[in-house]
Ligand code: FES
Ligand code: FES
């Protein structure tokens, strides 16, 4: 079937199979391999992308369900000149990843959180991010990075 949607701010028109998941479409047909796939059963959050600004598990979302919608992947967060999004930069500055497999999904979930709640408490972050599993970091630096990114974003809006 023919599928049209917005991907990282640009229109995409592509053929897909009815059974293709969004993760398969992104990784295998659009070469956007920043989206990771781990559990494939909507448990770990590694495959998180934003659809209409909300975090979704792309491993279980059928690709055709994003027709006419806005999809953002990790490849869409940096500025065109390569400047990283404040959340990406905070993850680097605060050592909020080790293997990095969970990181794209973490960052996109964090973006959805900060879009909805620009000044989250530690508990807010922990609660919002509980669908994103990390096997390496122990979560403390992730929570810290998200709160620091919130501060940076607040400053940038002054
Ligand atoms: S790979 Fe999609 S939630 Fe784990
Ligand atoms: S940094 Fe390795 S799973 Fe999170």
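The values are calculated or read from the model by the stated rules, or taken from the named source; none is laboratory data. Here the structure is a predicted model, which means the values were calculated and not measured. Here the Cβ is made from the backbone with ideal geometry for all residues, glycine too, and neighbour counts use every protein chain on show.
Only residues that are within 21 Å of residue 131 (Cβ to Cβ), in a loop (DSSP other than H, G, I, E, B) and out of contact with any helix residue (DSSP H, G or I) (no Cβ under 7 Å at 6 or more places or on another chain) were counted in the range 12-42, giving 5. Yes or no: residue 84 within 19 Å of residue 50 (Cα to Cα), touching a helix residue (DSSP H, G or I) at 6+ places or on another chain (Cβ under 7 Å), at pLDDT 95 or above and away from ligand 1 (no atom under 16 Å from the Cβ)? No, not satisfied. Evaluated against (1) within 14 Å of ligand 2 (Cβ to nearest atom); (2) more than 25 Å from residue 40 (Cβ to Cβ); (3) within 15 Å of the chain's Cα centre (by Cα), residue 115 falls short on exactly one condition, (1). Highlighted here are the strands (runs of 3 or more DSSP E) found entirely within the range 43-104 that include at least 3 residues which are touching a strand residue (DSSP E or B) at 6+ places or on another chain (Cβ under 7 Å) and closer than 21 Å to residue 10 by Cβ: 48-51, 70-72. Annotation note: of 125, 140, the sole residue that is surrounded by 17 or more Cβ atoms within 10 Å (Cβ to Cβ) and closer than 27 Å to residue 59 by Cα is 125.
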